[in-house]
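Read the figures in this text as sums done on the coordinates, not as results from a lab. Keep in mind that this is a model prediction, so the values were computed, not measured. No Cβ is skipped: glycine too gets one built from the backbone with ideal geometry, and neighbour counts run over all protein chains shown.
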Amino acid sequence: MGQLIASLFVSIDNMMVAKNEDMSWVLGDFDPEMGADMDAEVMRSMQAILLGHTTYDIMAQHWPKMTEAESPGADLMNGTPKLVFSRTLEKAEWGSYGNATVVKEVVPAEIQRMKSQSNGSMVIMGSASLVQRFTNLRLVDEYVLSLHPVILGDGAKPLFKDIKDRHDLRVAKTKTYGNGVVLLKLQPMG
């Protein structure tokens, strides 16, 4: 059975993006070991990438233009099927790859069916509102958080906004990188 993994960059004040969708705080001090670990921990097993509308808009502008030589991980990002959750998009394009599909609603039974038919993982990348919906529906099997040593403050988008109930998690792994980022791998208990 496959897993649903939420893979996210987050600040220590629980924010995913700064004002105006600014992600410069993530890109500033790249650590090659961190990139290699993300590749090994999350990307190698993914059979589908799940994106919300905003994250799709940002990623679709960047990744389809990248080659593996220019940006390690580009082949996996571009070659992996993508499900774009949006009530307003009619179609989702991913350059010449043709592997992005619009999904209008989160249907828990359909997500469970997809997980049961997979031996890899479905990975939510970014997409705060999608992570919030899947968390509230208890569909996330693992959170892989890259905790950045920065406080983003007002105007930023929080990760765990509007979570309805308590969710107890166990720490499956931690690792600190040379750039100060802490990897937290968390799994729901029970």
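Which strands (runs of 3 or more DSSP E) does segment 129-190 wholly contain that include 1 or more residues that are out of contact with any Asp or Glu (no Cβ under 9 Å at 6 or more places or on another chain) and within 13 Å of Leu4 (Cα to Cα)?
Working: elements: 142-148, 169-176, 182-188.
In segment 129-190, the matching strands (runs of 3 or more DSSP E) lie at 142-148.
Would you confirm whether or not segment 124-144 contains a residue that is crowded, with 18+ Cβ neighbours inside 10 Å, closer than 15 Å to Leu51 by Cα, out of contact with any strand residue (DSSP E or B) (no Cβ under 7 Å at 6 or more places or on another chain) and touching a residue at least 60 places away in the same chain (Cβ under 8 Å)?
Looking for residues that are crowded, with 18+ Cβ neighbours inside 10 Å, closer than 15 Å to Leu51 by Cα, out of contact with any strand residue (DSSP E or B) (no Cβ under 7 Å at 6 or more places or on another chain) and touching a residue at least 60 places away in the same chain (Cβ under 8 Å), one finds at least one in segment 124-144, hence yes.
Is it the case that segment 148-157 has a residue that's closer than 23 Å to Phe9 by Cβ, among the basic types (Lys, Arg) and either surrounded by fewer than 16 Cβ atoms within 10 Å (Cβ to Cβ) or over 18 Å from the mean Cα position of the chain (by Cα) (or both)? Explain how you work it out, then say what you get.
Of the residues in segment 148-157, the ones closer than 23 Å to Phe9 by Cβ are 148-157.
Next, only the ones that are among the basic types (Lys, Arg) stay: 157.
Right, trim to either surrounded by fewer than 16 Cβ atoms within 10 Å (Cβ to Cβ) or over 18 Å from the mean Cα position of the chain (by Cα) (or both) and you get none.
No.
In segment 127-160, how many residues are of a type in the set (Lys, Arg) and under 22 Å from Lys173 (Cβ atoms)? Can you show your working first?
Looking only at segment 127-160, we keep the residues that are of a type in the set (Lys, Arg), and these are 133, 138, 157.
Pick out the ones that are also under 22 Å from Lys173 (Cβ atoms) and you get 138.
Adding up the residues that qualify gives 1.
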